[in-house]
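In what follows, a single structure is set out as structure tokens and then discussed.
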Amino acid sequence: MDLSNLKPAQGAVKKTKRIGRGQGSGRGGTATRGHKGAKSRSGYSRKLGFEGGQMPLYRRVPKYGFKNINRVEYRSINLDVIQSLISDKNIEVIDIDVLIENGMASKNDRIKILGRGELNAKVDITAHAFSASAIKAIESKGGQATKI
């Protein structure tokens, strides 16, 4: 047996309906579209969300809330994650490039350092924002927290 011998199982492949090919075909005339109405015409397309004249779902559900276009999203990184980075990679200065290299952030992220966990080494960190507890923990070990 090889690829040239392969064919589908008996009865698995059916012929397609040839619609609108004259009265002799049995599917001429209205071509299975029924009689008259918009759906029988060429070029018909139903409006997205149309429910047969019933008030559509997107209009029944009330409007709610808003999106603040000025909101600034931060990628949060905790001190315990930074401590594991220091102990694994032996890094003393952490900036955005180091975090991107180690897969903790992407190049378009704004980074905020948060204070969860324990910091055991002196480290200089550069980021977009810091929590008060993170700054306190970094400076207590003799490190420096620099905002961009």
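Only the coordinates and a few stated rules stand behind these numbers; no lab work does. Computed from a prediction, not measured in an experiment: that's the story for all the values here. Counting neighbours? That spans all protein chains shown, and the Cβs are built from the backbone with ideal geometry, glycine included.
Could you please let me know if Glu51 is among the acidic types (Asp, Glu), surrounded by 10 or more Cβ atoms within 10 Å (Cβ to Cβ) and under 30 Å from Glu118 (Cα atoms)? Write out each step before concluding.
Values: among the acidic types (Asp, Glu): yes; surrounded by 10 or more Cβ atoms within 10 Å (Cβ to Cβ): yes; under 30 Å from Glu118 (Cα atoms): no.
In short, no.
Across the range 18-33, a minimum of one residue is classified as surrounded by fewer than 10 Cβ atoms within 10 Å (Cβ to Cβ), touching a Gly at 6+ places or on another chain (Cβ under 7 Å) and not in a loop (DSSP other than H, G, I, E, B). Give the number of residues within the range 40-59 that are over 36 Å from the mean Cα position of the chain (by Cα) and basic (Lys, Arg). So the answer is 1. Looking at this structure, is Leu85 in contact with a strand residue (DSSP E or B) (Cβ under 8 Å, 6 or more places away or on another chain) and within 30 Å of Leu114 (Cα to Cα)? Yes; evaluated as a whole, the condition is true for this residue.
Taking the range 83-103 as the range and being of a type in the set (S, T, N, Q) and more than 14 Å from Val123 (Cα to Cα) as the test, only Asn102 passes. Scanning the range 55-81 for residues that are of a type outside the set (D, E, K, R) and in contact with a Gly (Cβ under 8 Å, 6 or more places away or on another chain) gives Pro56, Leu57, Tyr58, Asn78, Leu79, Val81.
Report those helices (runs of 4 or more DSSP H) wholly inside the range 60-148 carrying at least 3 residues which are surrounded by fewer than 17 Cβ atoms within 10 Å (Cβ to Cβ) and more than 32 Å from the chain's Cα centre (by Cα).
132-140
Could you list, in sequence order, the residues of the range 34-51 that are part of a helix (DSSP H, G or I) and of a type in the set (S, T, N, Q)? The answer is Ser40, and nothing else.
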